[in-house]
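Undergrad: Structure incoming, see below.
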Amino acid sequence: MESFNKNKGFYIGLIVILLGFCAGVVFAVVSYLGASESESRLQAAQREVKALLDGHEFAPGKVTPRTDKVSLTPESTEAAAKDLAELGARKTELLKAINGDPDSALKGRASVNSSELASMIRQSVDEWQRFAQDKEVRLLPNDKCDFGFRRYIRNPGTSPRKELTRVDQQREIINYLFRLLVESRPAGAPLLLLSVDREPVETFIIIPEGKPGAGTLGPDPEGARSTEADEFVPSRTFRRKDLVETLSFRVRFAGTTPTFRTFINKLRNSGRPFAITSVDVGLPNAEAAKILAAPAAAATPAGTPSTAVIPGLIPSNGPDAAPKDERITVVTEKPSDFTVQIDYLTAVEAPAASEGEAKK
């Protein structure tokens, strides 16, 4: 200690030199490690550039129509840009094919509250029932059709709690489908509307991934009551996650085949994104058959049997007279029970990339 006190300057200088030496060693080690890491990154980047320049074989070891490698050359980048433009044009065509004519799209109101929507639903159902009566479309007497909105029609004071725009869109689509069905009936043909059912989008949700039945509809834990008689979960649908969204409907009616055929053709040629997912045909039950047979006594065109001309089957009175064509009953047309399940399609637009993502 005495020696340190006598030679403070020497010892302090020695300590400073040692600290500087240690700091230099640490700096050298850190710099060396940093240089090694940078060198590794540079080598990896060089390998990637070399691989791009050498080309990539898409099907190694397999015989393909194009066996040469695709490399990062001006020709390849130009071809890639052309392919991208063609894919963009094809995507636009597919979106247009799925969505149909935007001017004729059936959309719900974007700004509507729950009470307003409930009022519009009740008003629409009343109008449809009056329209059916005016057009002599028969309804089941003991179970009047509520056009998919039974939970709101038969429970006063209830109203949708969520998905208001989609429920309003369903109201617009049902209005279109019902009126199209009525327009499809030949003059005088019987038509009994059994029900118009809808997918309860406000009380059901799409089951998330990782759970049983993922991608299909299931009960919403926060939803309302159980499914009503005029609500259904579609057994078949064109819905595809993140690609195509759908609203499903089921139209059940009893009538003649020309009505069914005309309805399908009108739907197909409507220019709107409708897709028929299933069709069931059967015989009407006893109650429906009785309702349809009731107006036959009034000598309506639908009550008369279908006939076919069979030339020369019935001889004329004179022995030398030429055979005369007369109509005789061959097949009597009977009403059938039709169930048509329909999807209304909407293409899901991919979200636009942010500015930061675009730069990447």
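Every number here is computed from the coordinates shown, using simple stated rules; none is lab data. Predicted model only: the values in this text are computed from it and were never measured. Note: ideal-geometry Cβ built from the backbone for every residue, glycine included; neighbour counts use all protein chains shown.
Undergrad: Quick one: which residues, 5 or more positions from L191 or on another chain, have an amide H under 5 Å from its amide H? H modelled 1.01 Å from N in the peptide plane, none for Pro or chain starts.
TA: R138
Undergrad: Same structure again: Non-local amide H neighbours of F147 (under 5 Å, H modeled in plane, Pro and chain starts lacking H): which ones?
TA: Those lying under 5 Å, H to H, from F147 are V196.
Undergrad: Also, I was wondering about something else. Counting only other residues whose beta carbon sits under 12 Å from that of S119, what net charge do I get with K and R as +1, D and E as -1?
TA: -1
Undergrad: Computed over the Cα atoms of region 111-212, what is the convex hull's projected area averaged over all directions, in nm²?
TA: For region 111-212, the mean projected area of the Cα convex hull comes to 8.5 nm².
Undergrad: I've got another one for you. Among the listed pairs K241/K266; K144/K290; K82/K241; K135/K290; K107/K241, give every one whose C-alpha distance is greater than 22 Å.
TA: With Cα atoms farther than 22 Å apart: K241/K266; K82/K241.
Undergrad: Now for a different question. How much net charge surrounds V244 when only other residues with a Cβ under 14 Å from its Cβ are counted (Lys, Arg +1; Asp, Glu -1)?
TA: +2
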